[in-house]
Amino acid sequence: GQQLNQSPQSMFIQEGEDVSMNCTSSSIFNTWLWYKQDPGEGPVLLIALYKAGELTSNGRLTAQFGITRKDSFLNISASIPSDVGIYFCAGQLNSNYQLIWGAGTKLIIKP
Amino acid sequence: DVKVTQSSRYLVKRTGEKVFLECVQDMDHENMFWYRQDPGLGLRLIYFSYDVKMKEKGDIPEGYSVSREKKERFSLILESASTNQTSMYLCASSYDYGYTFGSGTRLTVV
């Protein structure tokens with residue numbers, strides 16, 4: 001099945017650093033979503049984006065729906081230990097409720 | 001908040017066994033999904049359902065079947081478990097594009 005290109009695959013950062021990750025696709029998406037998965041749990045929705053160019057924040061998290069509708073990025077400012085986990089992007093391609101998923105970005109905070 | 005409950009967090013089964021993974025949601029969602037998650041491969045869709053008794057194959061349905069007799073319950077069945085089905089299985093439900101996931105079932109087939 002189709003998958004989004006999500007990068008980086010993993011990130012090792014110091015506490016307090018800003019983090020940036022992105023997803024790209026060759027297809028145009030109508031909706032972009034960002035999820036976070038804590039260790040041992042299922043993914044949880046962080047941010048949903050519905051319009052090209054839309055910029056949305058959720059606390060220290062900011063996500064944007066690319067103007068071409070083929071990409072999205074997620075930024076985390078001033079990372080803290082509880083930010084560790086796997087971040088997934090997902091896009092809606094068709095008019096049903098199936099999502100296309102990125103492979104995930106694993107965030108690790110160096111002690 | 002919507003809650004999606006998966007019946008087991010950890011399961012160990014023998015090769016050839018028939019395995020049932022149960023998922024129940026409590027918010028009257030129409031859509032339910034089964035994914036498997038493997039390192040480096042992200043989430044891969046096995047089956048989904050938009051209504052009771054309705055099912056559609058996802059990207060990797062081979063070796064699996066599903067049942068949705070009631071709106072709130074979506075079961076994943078491994079007809080004859082094999083070692084390559086060792087994985088984390090995630091169930092999700094949704095009203096629209098915002099999926100709610102269960103905590104997952106980590107299945108080991110020995």
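Just so it is clear, none of the values below were taken in a lab; they were calculated from the coordinates. Just so it is clear, the structure is predicted and the values come from calculations on it, not from any experiment. No Cβ is skipped: glycine too gets one built from the backbone with ideal geometry, and neighbour counts run over all protein chains shown.
Under a model in which nothing but the beta-carbon of Lys, Arg (+1) and Asp, Glu (-1) is charged, the protein assembly as shown shows a dipole of about 420 debye around its Cα centre. Here the contact order of chain B, divided by its residue count and restricted to Cα pairs under 8 Å and six or more residues apart, works out to 37 percent. Between B:Arg73 and A:Asn58, how high is the FRET efficiency from 1/(1 + (r/R0)^6) when r is the Cβ-Cβ distance and R₀ = 35 Å? Nearest 0.05. Step by step, r from the Cβ atoms, then E = 0.65.
What share of all Cα pairs of chain B, in percent, falls into each consecutive 5 Å distance bin? Taking all Cα pairs of chain B, the binned fractions are 2, 13, 25, 27, 19, 10, 3, 0 percent.
Summarising the overall dimensions of chain A from its C-alpha atoms, the Rg and Dmax are 13.4, 44 angstrom. Enter the mean number of other protein chain beta carbons within 10 Å of the beta carbon of each residue in B:91-98, as an integer. Per residue, the average neighbour count from other chains is 4. FRET efficiency for the B:Met54 to B:Arg14 pair, using the beta carbon distance and R₀ = 35 Å, is estimated at 0.65. Just the number, please: Stokes-Einstein D of the protein assembly as shown in µm²/s, Kirkwood Rh from C-alpha pairs, 20 °C, 1.002 mPa s. My calculation gives 120 µm²/s for D. Expressed as a fraction of 2.2 N^0.38 Å, the C-alpha radius of gyration for segment A:1-60 is 1.28. If Lys and Arg each add +1 and Asp and Glu each add -1, what is the summed charge of the other residues whose beta carbon sits under 11 Å from the beta carbon of A:Ala78? Here the charged neighbours net out to -3. A dipole drawn for the protein assembly as shown from +1 and -1 charges on Cβ atoms has a positive end, and of B:Ser7, A:Gly66, A:Gly102 the residue lying farthest that way is B:Ser7.
Segment B:1-52: percent of C-alpha pairs farther apart than 15 Å? Looking at segment B:1-52, the distances longer than 15 Å represent 62 percent of pairs.
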